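Notes follow the structure.
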Amino acid sequence: MKTLGVVTSGGDAPGMNASIRAVTRVAHSRGMKVIGFKRGWEGLLANTFEQLTPRSVGGILEVGGTILYTVRSPRFKTEKGIEKAAETLATNNVDGLVVIGGDGSFRGAHHLSRNTDTLVVGIPASIDNDIFGTDETIGFDTAVNTAVTEIDKIRDTAISHERTFIVEVMGRQRGFLALAAGITAGAEVILVPERKIRHTEIFEKLEQNEAKGKKSSIIVAAEGVGDNREIANRIRERTGAEVRLSVLGYAQRGGSPTARSRLLACLFGSKAVELLSKKHGNLVVGLCLGKIATISLEKSCTTRKALDLDLLQLANLLAT
Ligand code: F6P
C-alpha cells in the first residue's frame, strides 16, 4: 500500500478533522503517501485533491467541520459518476481509500468499491449516530453535548415563564440524537420517529406534570417526527399552555469536538490505516461494546441500526 486517499462526504461532523489527522499521521508513519480529495465525492469526479502531510494536518484536532470540505453529490450516484471516480483513483494510483462520513457516504463507498480495485474503508462520522456496525459515530457525542447545553439554557427561560418548550434536534429520520439529548437534559417528553405517539399521549403527560406541580416542561423532538410547529399548536389549543418551539438547527453540526469524539476519530483513523496496510478492504470501522471492531461495508449500509426504545420508558421515569 503506497498511496492512500481520504475523503469526507455528506453532512459534516465534529471530529472529521481529527480523523483526517489520524489517518494522515498513521499512514505516513507506515511510509504511505496521503492525498485528500476535496469537496466529498465531487473531488473524485473532478480529480481535485491536495497532498496531506503530518505537518499540513497540524492544528486541526480541535477544529470542527472538515478541512477537505464536503458536499452532497447526486452526480456521484450515477453509473457515470462511479466510473469517473474509479478512473480518478486509478490515475492517481490510489491503493486504499478512507471514506469519512455517514450512511449516504457509505452507500456511495459500497457502490464504488464494487467498481474499483482500490480497497475502501469507511470511518463513521455523523451527528445522527445512525450507522449500523458502530455503537457511536464520530461527532455524535459533540452534538449531544451541544444540544444539552442549549436545552439547559432553554430550561431556565421555560421555568421563569412557566412555559412548555418543544426543542427540535437534528437526526434526519432517526431519533438517536433526540433520545440521548432528551435523557441527559431531563426532558419531560421525548419524540422520536421510531415510536409514533398520539397527540393525546403528549397532552396526558403534560397534564400529569401540571397536576404534580410542574409549571414548565421540555419536549425534545427529533426533526424526523414531522411538523413540530403543528404539535406546538395542538398542545396550545388543548392545554391552553404557553408553548414555544425552538429549532436548534445547524449549530449541532459545528463546534470543537469533545474529547470523546476526538478519541473515536483517533482510534477509527488508526484502525482504518492498519486494515488497509494489511490489504483488508470494503470494511467499516466501529466501536462495539467498548472495543474497536470492523464490519463489512455492505452489511453496514444495508442494515438498519436499532434505537433502544426501552430508554424512552427510563426517560419517562426519570422525568417525573
Ligand atoms: O446527517 C446529518 C444531518 O445534519 C441531519 O441531522 C440533517 O437532517 C441533515 O444532515 C441536514 O442536511 P443538509 O446539510 O443537507 O441540510
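Given 0.36 nm per residue, what is the gain on full extension from Leu314 to Glu298 after removing their alpha carbon distance, in nm?
Full-extension gain reported as 2.4 nm.
Using the per-residue mean of other Cβ atoms lying within 10 Å as a proxy for protection, in what order, highest first, do the peptides 267-277, 78-88 fall?
The most tightly packed comes first, giving 267-277, 78-88.
Filter the trypsin sites (Lys or Arg not before Pro) in the stretch 1-43 down to the DSSP loop ones having no more than 13 other Cβ atoms within 10 Å, then list what survives.
Passing both the DSSP loop test and the Cβ count: Lys2, Arg30.
Compare the peptides 184-193, 197-206, 230-239 by average per-residue count of other Cβ atoms within 10 angstrom and give them in order, highest first. Walk me through the intermediate numbers first.
Details: 184-193: 22.4, 197-206: 14.5, 230-239: 16.1.
For the peptides 184-193, 197-206, 230-239, the packing ranking is 184-193, 230-239, 197-206.
With the cut-off at 1.5 for a/c, could you classify the chain from its C-alpha gyration tensor as rounded, prolate or oblate?
The shape class here is prolate.
Using the number of other C-beta atoms within 10 angstrom as an exposure proxy, rank His28, His280 with the fewest first.
Working: His28 18, His280 14.
Taking fewest neighbouring Cβ atoms as first place, the list is His280, His28.
State the number of lysine pairs found in the stretch 143-253 whose Cα atoms come within less than 17 Å, restricting to pairs 8 or more positions apart or on distinct chains.
So the count of such lysine pairs works out to 4.
Kindly put Met32, Met16 in sequence by how many other C-beta atoms sit within 10 Å of each C-beta, fewest to most.
Met32, Met16
Could you compute the FRET efficiency for Lys196 and Lys279, with r as their C-beta to C-beta distance and R0 at 45 Å, rounded to 0.05?
After rounding to 0.05, the efficiency reads 0.45.
Among the lysines, which have Cα under 22 Å from the Cα of Lys279 when same-chain residues fewer than 8 positions away are ignored?
Straight-line reach from Lys279, under 22 Å: Lys2, Lys33, Lys271, Lys291, Lys299.
Test of understanding: in a Gaussian network model of the chain with alpha carbons linked when under 10 Å, which of Ala13, Ala27, Ala306 would top the mean-square fluctuation ranking?
In this elastic network of the chain, the residue with the biggest mean-square fluctuation among Ala13, Ala27, Ala306 is Ala306.
Need one number: nm distance between label points at Ser160 and Glu230, each 7 Å from Cα along Cα→Cβ, rounded to one decimal.
3.3 nm
Modelled label-to-label distance, Thr149 and Asp117, 7 Å Cα→beta-carbon offset: nm?
About 4.8 nm, to one decimal.
Which cross-chain or sequence-distant (5 or more) residues have an amide H under 5 Å from the amide H of Val34, H modelled 1.01 Å from N in plane?
Under 5 Å from the amide H of Val34: Leu4, Leu52.
Read the figures in this text as sums done on the coordinates, not as results from a lab. Quick caveat: nothing in here was measured; it's all calculated off a predicted structure. So basically every Cβ, Gly included, is an ideal-geometry build from the backbone, and we count neighbours across all protein chains shown.
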